[in-house]
């Protein structure tokens, strides 16, 4: 392969002066991320940029960096931080999607650290966090439901730099799978190759002046993934050209929980620790957020297995922490979990979780 198309475009739009300035501006981000280490990732597939370098070098909103900087500051005050960050070496875990799990761990740590009388520490092995209060202890393993959503988001961000009228879409709550791992690079190259010719998007924008949306190419064999360009005159809009809508949300959400639990039930020796909670962030899947809003009946409760005693789940934004408004808690039946004695809000979150799941069925 010649130089991949998306590598050329990333190099074009990523402003290293912005990266350098923001590393200097935000003390704790600058302590954790080294400019040279970030630059070295520019030669690493499939994204040809470090997850934070891309954001530091292309995003305009400072609020996310203010928040992330504060999370790093507060996370660094917890015991075992020095050992924790060894596993977050920017030169090793650089992929675009790796931003979200690290951020989620910091968000969960901040959430529990703000509860009066609660001690939070990073673990040396096993689950991510140890939570202690009034002589009781439990552990939290963090997980972000990533699937193909991170790849889609990267494509969307890069396309928006090419032209803000380009949109990316998949039909919600049905199977959505983009090429991953060793197949991601060729897929991204195929997506972005047409845009190396400026005439390509210029011609599509002219077409959109006559009628829109104008469907843009995606690689053959990729289902439920659409790229299109919008026009500016509402009278030229052609309905139903791009598939919209959603499948049955109950079925989709049941699969989400089953996959999230299965991804972690046998990891990090969780079975060796007491009172383990799996903290799941469904932020990346707008499907989950939409499905939760459309939910008309409770979904079957998936089998937690022997290692996980409950799930704490949320659709928490990248500049927020979990809250009563965006989170739920579901404890395995018959267990008096220590989290319920931390604060009254966890009983409220548990009540929300009980309403989310049906008690008479298990998804398998």
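Full extension of the chain between residue 306 and residue 60 yields a length gain of 84.0 nm, computed as 0.36 nm times the residue separation minus the alpha carbon distance. Packing, as the average of other Cβ atoms within 10 Å across residues, places the peptides 58-64, 310-316 in the order 310-316, 58-64, highest first. On a per residue basis, the convex hull of the C-alpha atoms belonging to segment 258-311 measures out at 83 Å³.
For residue 220 and residue 259, a Förster radius of 30 Å and the Cβ-Cβ distance give a FRET efficiency of 0.65, rounded to the nearest 0.05.
Within segment 226-364, all pairs of alpha-carbon atoms sorted by distance into 10 Å bins from zero give the percentages 10, 36, 31, 12, 8, 3, 0.
Ranked from highest to lowest mean number of other Cβ atoms within 10 Å per residue, what is the order of the peptides 146-152, 213-219?
146-152, 213-219
When Rg and the Kirkwood radius Rh are both evaluated on Cα atoms of segment 173-281, their ratio Rg/Rh stands at 1.14. Dimensions of segment 134-234 along the principal axes, based on C-alpha atoms and rounded to the nearest Å, stand at 69, 34, 25, largest first. In terms of overall dimensions, segment 1-111 has a Cα radius of gyration and Dmax of 14.1, 47 angstrom.
Counting every C-alpha pair in segment 56-196, the share spaced more than 23 angstrom apart comes to 49%. Fully extending the segment from residue 233 to residue 354 would add 38.8 nm, taking 0.36 nm per residue of separation and subtracting the current Cα-Cα distance. Binning the C-alpha pair distances of segment 108-174 at 10 Å intervals from 0 yields a P(r) profile of 17, 29, 17, 22, 13, 2 %, listed from the shortest bin outward. Dividing the C-alpha radius of gyration of segment 206-267 by 2.2 N^0.38 Å, with N its residue count, gives 1.71.
Take the Kirkwood radius over Cα pairs of the chain, plug it into Stokes-Einstein at 10 °C and 1.306 mPa s, and you get 71 µm²/s for translational diffusion.
Take the Cβ atoms of residue 116 and residue 82, set R0 to 25 Å, and the FRET efficiency comes out at 0.40.
Throughout, read-outs are computed from the coordinates displayed, never taken from laboratory work. Since we're looking at a predicted model, the values are computed, not measured. Note that each Cβ is placed from the backbone with ideal geometry, even for glycine, and that neighbours are counted across all protein chains shown.
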